[in-house]
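To keep things clear, I will list the structure first and then write my remarks on it.
Readers should treat all values here as calculations from the given coordinates under stated rules, not as data from a laboratory. Owing to the predicted nature of the structure, the values given are computational and were not obtained by experimental measurement. Glycine gets a Cβ as well: all are built from the backbone with ideal geometry, and neighbour counts include every protein chain shown.
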Amino acid sequence: MKYKIFVSGAQKELKKERRAVKEFIRKDALLSEYFDVFLFEDSPAKSKSAEIAYIEEVRKSDIYIGILGQQYGGSGKEKMSPTEAEFREAKAKHKEILIYIKGQNTADKLRDGGMQEFITEIKNPKAGYSYRRFDTATELTNLVYESLISFLKEKGEIGKAGFDQRICDGAKLSDIDDTKVKWFLKTARSKRNFPLGLDASVTDVFTHLKLIKDGKLTNAAILLFGKNPRKFFDQAKIKCVQLPSTEVVKPFSSYHIYEEENLFEQIDKAVAFVLGAIKFPVIQQAHTAQVARPWEIPEFAIHEAIVNAVAHRDYNTTSSVQVMVFLDRVEIWNSGTLPGNLKVEDLRKPHSSHPSNPTLANVLYFGDYIQQVGSGTTEMIRQCKAQGLPEPEFVSVRNLEFKTILPRDIFTEVALQQSDLNERQLQAVKMVKEKGHITNKEYREMLNLPRRTAIRDLTELCEKGVFKKAQASGRNVRYVLMSHK
C-alpha cells in the first residue's frame, strides 16, 4: 500500500512547481514505489464543491506538501485561502506536513498580506513546522526528494539496509566492467593481501565483497564496477568547478561533471582536476641541482577529502559531490553528515571509522583508495601542517551537508578576520589573491586613497609578513603575498 501525498499551493501561480513535484515522484524509481500524488487539477469533475472535495482529499492523505509563493489566494477580506484551509485540515488530522517557500527571506515582505501572515506562523520556531526555501522547480524537487527519503527512513521502509547494500533493480552481470574487476583484484592482492586469486570469477569476487545479495547485484556493485552507473543512478556524479576568485562568481575558469564513470574513475578524475588547477611551483633546492616540485596542497589531502566525500555521502539525495577550487582554497562538499557517535572535533584526533556506506568503504579500502581505520583526516592535518599550511577545516552544514576546506595559502578567511588588518588592507589581500599582485597606484585607485595612506597600509602589510615586494625598488613596485614556504 502506497502513502498518499496531497500537493497544495496556488494553482495558477505555482502550476509549474505543483506539476514538477508530481512528475518527479511519478518518474523516480524509488519514490514511485512508495507514494501516490494527488493534484486537484488532475481529479475528475465531481458534484461536490471544490472546497469540500479538496478537504476530503487532505483527510485521505498521509503527507501534506504546501508550496507557498507570492499570492495568498483567498477571495474576500475574511476568506481563508484554499492552501491555508488545506494546511489547517492537515494539522488537525496530524498529517506529515512539509512546507516549501518559493523565494528567500528578502522576498517575504513583497508577498500578499495573507501570505505574509501565513509564512510568519510557519517560521515561528515554537510552532515546530519544517520548512525549506527554493528558487527553481529543480531545487524544489530535490528538497522534496530529501524529505520523502527521511520520511521513508522514519517509517522503516528503507534504511534497514544502507543504500550501498540494497539490490540494484534491473542490474545484470553484463552491466559490470570485467576489466575494472581484474584491475581491482590485482591492486587488492598487492596492496591489501586480498585472498582471492587473479583468476577468480566476478561472482566470487562480488560474493566475497558482499556486492551480491540474494543472487542480485547491489547498488555498490554498479557504483564501483558498472560500465555506466549513470544508467541506474543519476545522482552518482562529481561536479568540479575552478573559480577565478575567492568567491563564487561566473564565468567559471573551468567546469567538468564526471558522471559516466564508476566511482574509482570519478575520484581519479576529480583529483586530477584539482591538481591541474592549483599551483605546481618549481623550487631550486639549496646546494644541489635537483628541483623540488611540491603541490600547493598535499596530494594526499586532496585525494583523501574527495574519497571521503564519495564514501560517506548520502546517496539517497539527488545532490552530487561538489569540488570547488577557489584562488585561496579548495572546498569539497557532499550530502549527509557525520554519524551520531562522531563529532567534527573527533576528526582532528585518532578515531574509529563509521562509514555511511560500509560496503562502498570496504571496497575502496581494498582498492587502496581509503584509510579504513579512521586515520585519514589526521594524516591530512599532519601533511598540511608539515607544508606550512593551515589545518584543513571540517564543517557540518545544517546537519544536511558536510564540507572539507583545504587552504591554498596561510591567509585564510578565518586567519584574516582574526588579524588586526583594517578593512582597506583586507581588500588589498583579496585583490592580490585574485590578480596575483598589486601596485601602490592600483591600491589607491581601487579605494580612492591618498598616496600617504596607501604607502602606510602597504608598508604595514609587508611588516606583518602578509605582503612582500616582488622587486626591491622603483616606481611600480609590485606587492605579492608572502609565500608560506
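List the residues, sorted by chain then number, that are 5 or more residues from Lys237 or on another chain and whose placed amide H is less than 5 Å from its amide H.
Counting only residues 5 or more places away or on other chains, the set is Val321.
Go ahead and run the numbers for FRET between Arg26 and Ala50, Cβ-Cβ distance against an R0 of 30 Å, rounding to 0.05.
0.80
Treat each spin label as a single point 7 Å out from the Cα along the C-beta direction, and report the Glu157 to Ser396 distance in nm.
2.7
For the range 49-136, just say rounded, prolate or oblate: build the C-alpha gyration tensor, square-root its eigenvalues into a ≥ b ≥ c, call rounded for a/c under 1.5, and beyond that prolate if a/b exceeds b/c, oblate if not.
Judged from the Cα gyration tensor, the range 49-136 comes out oblate (a/c at least 1.5, b/c at or above a/b).
At 0.36 nm per residue, minus the direct Cα-Cα distance, what do Asp234 and Val249 gain on full extension? Give it in nm, one decimal, please.
Numbers: separation 15, 0.36 × 15 = 5.40 nm, distance 2.62 nm.
Once the chain is fully extended between Asp234 and Val249, it gains 2.8 nm.
Pull out a ≥ b ≥ c, the square roots of the eigenvalues of the alpha-carbon gyration tensor of the range 94-150, then state rounded if a/c is under 1.5, prolate if not and a/b is larger than b/c, and oblate in the remaining case. Kindly include the intermediate steps, with their values, before the conclusion.
Values: a/c = 2.47, a/b = 1.23, b/c = 2.01.
Oblate shape, in that a/c is at least 1.5 and b/c is the bigger or equal ratio.
Using the structure shown, list the pairs from Lys79/Lys126; Lys191/Lys231; Lys16/Lys123; Lys95/Lys153 with a Cα-Cα distance above 28 Å, or answer none.
Too far apart for the 28 Å limit: Lys191/Lys231.
What percent do you get for the relative contact order of the chain when only Cα pairs under 8 Å and 6+ apart count?
Numbers: 753 pairs, mean separation 46.9, N = 485.
Answer for the chain is 10 percent.
Report the calculated FRET efficiency for Tyr129 and Lys2 (r = Cβ-Cβ distance, R0 = 22 Å), to the nearest 0.05.
Numbers: r = 25 Å, r/R0 = 1.12.
The pair Tyr129/Lys2 has a calculated efficiency of 0.35.
With a point put 7 Å past each Cα toward its Cβ, work out how far Asp268 is from Glu460 in nm, to one decimal.
Between Asp268 and Glu460, the label points sit 5.2 nm apart.
Which whole-number percent of Cα pairs in the range 163-231 have a distance greater than 17 Å?
Numbers: 884 of 2346 pairs.
Here the long-distance tail beyond 17 Å is 38 percent of all Cα pairs in the range 163-231.
What is the calculated FRET efficiency for His437 to Glu413, with r their C-beta to C-beta distance and R₀ = 22 Å, to the nearest 0.05?
Numbers: r = 20 Å, r/R0 = 0.92.
The calculated FRET efficiency here is 0.60.
With bins 5 Å wide starting at 0, give me the P(r) of the range 3-154 over every alpha carbon pair, in whole percents.
2, 9, 20, 23, 23, 15, 7, 2, 0
Of the options Gly465, Phe394, Ala361, report the single residue whose Cα projects farthest towards the positive end of the charge dipole of the chain (beta-carbon charges: Lys, Arg +1; Asp, Glu -1).
Toward the positive end, the furthest listed residue is Gly465.
Indicate the gyration tensor shape class of the chain (rounded, prolate or oblate), computed on the Cα atoms with a ≥ b ≥ c the square roots of the eigenvalues: a/c under 1.5 is rounded; otherwise a/b larger than b/c is prolate and the rest oblate. Mind showing how you got there, number by number?
Working: a/c = 2.72, a/b = 1.28, b/c = 2.13.
Oblate shape, in that a/c is at least 1.5 and b/c is the bigger or equal ratio.
If each of Ser375 and Asn105 carries a label point 7 Å out from its Cα toward its Cβ, how far apart are those two points in nm?
Here the modelled spin labels are 4.5 nm apart.
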